[in-house]
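To start, the structure under review is shown below, and the notes come after it.
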Amino acid sequence: MKKLILSLLSIVLLGSMSSCGFYSHLTGNQNQNQTSVVLKEANYRIVENISSEVSQTYIFGMGGLRKRALKENAIDKMLNEARQKNPELMSGSKAVINITTSETRRIITPIYIKRTIMAHGTVIEFTK
């Protein structure tokens, strides 16, 4: 009986110490303006690809921001870093397109969860 209990306890301990990871890649238009641009011809050029990363840690499921807030923070950080690195990048007839977010989670169930969201975008400049 002791061996059975010890075996079950060791299996539960090993299972709780294992790590799981999840990945999801979400593509969507994050722009909330109503500007309509018709791209019938090559009237733009790609200026730069920009990206950023934001992480949050949860201990016993507590702490940190919600997933939506983390995505918004990652996009905001991406745009701010692009402005700081190159102030002319966000001026004139330029736009940020193809904003995508990807998420990774590292889990040691249920003690520790680390959620990382990466945002990527492309800056284009209209030439005509």
Residue order, fewest to most beta carbons within 10 Å, for Glu53, Glu88 = Glu88, Glu53
Of segment 95-126, those with amide N under 18 Å from the point 7 Å along the Cα→Cβ vector of Glu81 are 96-105, 115-124
Under a cut-off of 20 Å between alpha-carbon atoms, report the lysines in cross-link reach of Lys71, not counting same-chain residues fewer than 8 places apart.
-> Lys114
Rounded, prolate or oblate: which one fits segment 72-128, using the alpha carbon gyration tensor with axes a ≥ b ≥ c (rounded when a/c is under 1.5, else prolate when a/b beats b/c, else oblate)?
-> prolate
Burial ordering of Met1, Met90, fewest other beta-carbon atoms within 10 Å first | Met1, Met90
Proximal aspartates and glutamates relative to Lys85, as straight alpha-carbon distance under 13 Å, when same-chain residues fewer than 8 apart are discounted | Glu48
Would you kindly state how much longer the chain becomes between Thr116 and Ser93 on full extension, computed as 0.36 nm times their sequence separation minus their alpha carbon distance, in nm to one decimal?
-> 5.1 nm
Total formal charge among the other residues, if their Cβ is under 15 angstrom from that of Ile117, Lys/Arg +1 and Asp/Glu -1 = +4
What net charge do the residues around Met62 carry, taking every other residue with its C-beta under 14 Å from that of Met62, with Lys and Arg at +1 and Asp and Glu at -1?
-> +3
Cβ-defined net charge surrounding Gln84, 15 Å radius [Lys, Arg +1; Asp, Glu -1] | -1
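We did not get these values from a lab; they are worked out from the coordinates using the rules stated. Keep in mind it's a predicted model, so treat the numbers as computed, not measured. As a convention, Cβ positions derive from the backbone with ideal geometry for all residues, glycine included, and neighbour counts pool all protein chains shown.
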